[in-house]
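Written below as structure tokens is the structure these notes are about.
The values are calculated or read from the model by the stated rules, or taken from the named source; none is laboratory data. Source: prediction; values computed, not measured. Every residue, glycine as well, gets a Cβ built from its backbone with ideal geometry; the counts of neighbours run over all protein chains shown.
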Amino acid sequence: MRRVRENSRAHRVRTAAAAVVGVLALVTSAAACKVEKVGAAEPTAAATEPGARPADDAKTGSGQGTPGPATPSRTPGARPSPEPRTLMSVGDRSERVRELQARLRQIGHFGRTPTGYYGTVTVAAVRSFQGKRGLSRTGTTDTVTWERLLAMTREPTAKELDPPAARPAPAKPDARCLKGRVLCVSKNSRTLSWMIDGRVVSSMDVRFGSQYTPTRDGEFSVYWKSRHHVSTLYDSPMPYAMFFSGGQAVHYSSDFAARGYDGASHGCVNVRDEGKIASLFAQVRNGDKVVIYW
């Protein structure tokens, strides 16, 4: 009886031990599964394909993948630069042209006295300036040329715009100029003085004919006025013409305004200040005296 009980007890002990071993086996298996899930993620399909790249790289072109085409940058609100606009060109006459010439003279591109007339000399000076600055050599002053010139020069003074040396002093009047209404012209001082009874009303600088086409000396009178005259002999404009001896006249000359004393007339008395001769033309009458002397 005692042996039976002992055998029964031993059986229960073995059964309990087996149960404990089974429980331990289950716990160990569960822990192993948990560690496997945490430490080793299953690879994705994209990663297992040959040549595949991470999803983020495919979207942005960054990282180790081949970068995609760059998108041009654009400044918000930016506008294209406007085309150059012409400000001054050949044939213009203004105080702004005079300023252009004075500024060009400051930096050695215009070697003459400013006249305010945009002639061939000014065209050449502007081309010279444009060529030195890598601009198109048009000879026309556009916005680009003007802005570049303003940046390189200072505002001209009154003397630079109209130098005293550019205004010849009138000579002592000839005795024949002291009575009546007279266009008193001195070849020595290269001036014309409009005089009434010995008083100088206005004065302006003039030029004369060359040695081959000289301006005649002497005392004459105005016999014909022609506001928009054109020479039939030379086919050249002679605005504000006041004829005093054959085909010779006192008149405005755009060539004189552009070239100064580098040129000459065909015998006429040229005036380069259009404003002054326009005023003179309005005052002079047919029959007024003209005296030309040395």
ask   = Do we find a residue being over 20 Å from Ser186 (Cβ atoms) and assigned to a helix (DSSP H, G or I) anywhere in segment 248-256?
value = yes
query = When only residues in segment 187-206 that are farther than 19 Å from Ala278 by Cα and out of contact with any Pro (no Cβ under 7 Å at 6 or more places or on another chain) count, which is surrounded by the most Cβ atoms within 10 Å (Cβ to Cβ)?
reply = Lys187
Arg272, sole failed condition from (1) over 25 Å from Ala175 (Cβ atoms); (2) buried (at least 19 other Cβ atoms within 10 Å of the Cβ); (3) modelled with pLDDT of 95 or more = (3)
query = Is one or more of the residues making up segment 56-79 more than 27 Å from Asp273 (Cα to Cα) and either in the same structural domain as Asp205 (by TED's automatic domain parsing) or modelled with pLDDT of 95 or more (or both)?
reply = no
query = Since Gly267 meets every condition but one in (1) modelled with pLDDT of 95 or more; (2) on the phi > 0 side of the Ramachandran plot; (3) not in a loop (DSSP other than H, G, I, E, B), which condition does it not meet?
reply = (3)
Conditions (1) surrounded by 19 or more Cβ atoms within 10 Å (Cβ to Cβ); (2) among the charged types (D, E, K, R); (3) within 24 Å of Pro173 (Cα to Cα): number failed by Arg259 = (3)
task = Can you work out which of the residues in segment 207-239 that are more than 30 Å from Lys179 (Cβ to Cβ), of a type outside the set (S, T, N, Q) and surrounded by fewer than 15 Cβ atoms within 10 Å (Cβ to Cβ) is farthest from the chain's Cα centre (by Cα)?
result = Tyr212
task = Could you give me the residue pairs with C-beta distances under 6 Å whose first residue belongs to segment 116-128 and is outside the structural domain of Val271 (by TED's automatic domain parsing) and surrounded by fewer than 20 Cβ atoms within 10 Å (Cβ to Cβ), whose second residue is modelled with pLDDT of 95 or more and among the basic types (Lys, Arg) wherever it lies, and which are 6+ apart or on separate chains?
result = Arg127/Arg137
